[in-house]
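Student: First the structure, which I've put down as structure tokens, then a few questions once you've had a look.
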Amino acid sequence: MLRLLHLVVIAGLVSAAAYVYKIKFDAALQAEQVAKVRRDIRRERDAIALLRAEWARLDNPIRIQELAERHLNLGPVEATQFDDFDRLPPRPPQIVPPDAEDAIAALIDRVDVLDVPTGSTRPQQGEE
């Protein structure tokens, strides 16, 4: 009976040692994963800092001014470039009444005026 008790205790000690070893191995694996995630985070932060520095360089007003002078044929605005108000095109008709609660519904109800050209559309063939 004493030998059986010794065998049970030894088996319990071996299983406890195996369990502790498993816990230690899992903890080491978790520590490696945490270190990898921290390296990835550090790498991403460095990449973000690099991109912000690049953005600041590209967004520099002096650089943009030099590019505009080099690539765009711009000149100073002269007073002769402006026209009188009486030569402006007529104002387009009010499609949606200003007191309409639902502007989209009012627009759908007035589908007959939707073909009114605006200043942003080109005249179609034969309308000129």
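A short reminder: the numbers here are calculations on the coordinates, not readings from a lab. Just so you know, these numbers come straight off a predicted model, no measurement behind them. When we count neighbours, we look across all protein chains shown, and the Cβ atoms used for this are built from the backbone with ideal geometry, even at glycine.
Student: Return yes when H71 is over 40 Å from the mean Cα position of the chain (by Cα) and more than 30 Å from L107 (Cα to Cα) and no when it is not.
Tutor: Details: over 40 Å from the mean Cα position of the chain (by Cα): no; more than 30 Å from L107 (Cα to Cα): yes.
Criteria not met by H71.
Student: From the list E101, E66, which one is assigned to a helix (DSSP H, G or I) and among the acidic types (D, E)?
Tutor: That would be E66, the only listed residue that is assigned to a helix (DSSP H, G or I) and among the acidic types (D, E).
Student: Going through A53, A47, A79 one at a time, which residue ends up being exposed (fewer than 10 other Cβ atoms within 10 Å of the Cβ) and without any contact (Cβ under 8 Å) to a residue 60 or more places away in the chain?
Tutor: Answer to the selection: A79.
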